[in-house]
Amino acid sequence: MTSIGGAGMVDWNLAVATATRLVRPGPEISREEAREVVAELRRHAKAAEEHVRGFTRMIPEGTEPEDTPVLVVDRAGWIKANVAGFRELLRPLLEKMEERRGGSAGGAVLGAVGSKVTGVEVGMLLSFLASRVLGQYETFAPATRELPASADGGGRLLLVAPNIVHVERELEVDPHDFRLWVALHEETHRTQFTAVPWLRDHLQGEIQSFLDETDVDPVTVLERLREAAQSLAGGRPEGEEGEDGGRSLVEVVQTPAQREILARLTAVMSLLEGHADYVMDGVGPEVVSSVGEIREKFQQRRARGASRLDQALRKLLGLDAKLRQYRDGERFVRVVVDEVGMDGFNRVWTSPNTLPTKAEIAKPEDWIARVHRRAES
């Protein structure tokens, strides 16, 4: 994992080591209790599969999509899985940057920074995220002996046990209900990708298009990062706030073409996250007795963040946009289901052409008009 394209742009082993070393320790828990948590999460994942399939009706009766493993992991396991995913997704971009590094003036700058520094930076980012993620459907990383995936080389459901225990204690909610509630959300993501075979390739294609548009000249990259840092720090000259003033670092360094791609990706991710929230709350009352209390407390936690530092990092990394995706996406799904029913909503999974645009996420009636009323006229 230490090199991609010759000498390598990122020391991936160092990224794993850095993240593992810096990540916060998990909650205090006995070995016996840890085993019970892992066993219960696996049971809940299995139960959630049946509940989600029955509620969403995405998988026709009598059919069985390709199975994907459920892995209950600690924070280090989540880090390893995500480094493997980043490595796979970023491979074409890093190979292109490696080629440019050797033959340009900016290459000397990037060479001076070095793969080890980049590995440390990636590790620091992952150490921040690793203590916050409750679960994830990991889509792109190849299968390994330590981290198995579906037969086609991608797809596994990760449940991060220490983070789930930490949050259920922080919220002071029923731990058994909370674990099933989380499993319902993450199982919805697994159902989305297993029931819609084209979804993984579509997302990967959009991400690769985004990366293909990246400025690979290191001098340009550094200049765009400098401008972004000034904007976020309030360092722009007075009267030059412009439209970038409220953007995250991730947004500011984009080209116009990347912003168009990101708008499409944002719409898809809003759909996926909002759908998962809608399903977990729709199934919840039947199988999670304290779902109302859990939802209220969890929403409050999402909104406020853990600290000022946490809020600043969320803004810098664009994680506030992630919170909007949950809210806006859930509203889109709710409005569409109320108007045309669950089967009518499921037309969204027909093809990339029936996915909502970013504008349609905000105005679900426009999606209904485009996909339903025009098809029926």
Order of ARG21, ARG370 under a 10 Å beta carbon neighbour criterion, fewest first: ARG21, ARG370
Residues VAL340, VAL283, sorted so that the one with the fewest Cβ neighbours within 10 Å comes first: VAL340, VAL283
For region 52-96, the fraction of alpha-carbon pairs in successive 10 Å shells from zero, as %: 20, 27, 26, 23, 3
Sorted by Cβ density within 10 Å, fewest first, the residues PHE332, PHE55: PHE55, PHE332
Distance histogram for region 115-218 (every C-alpha pair counted, 10 angstrom bins, percent rounded to whole numbers): 12, 30, 36, 18, 3, 0
Among the listed pairs LYS46/LYS363; LYS46/LYS80; LYS297/LYS363, those beyond 31 Å (Cα-Cα): LYS46/LYS363
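Values in this text are rule-based calculations from the coordinates and carry no lab data. The shown structure was predicted, so the numbers you read here are calculated from the model rather than taken from an experiment. All Cβ positions, glycine included, derive from the backbone under ideal geometry; neighbour counts span all protein chains shown.
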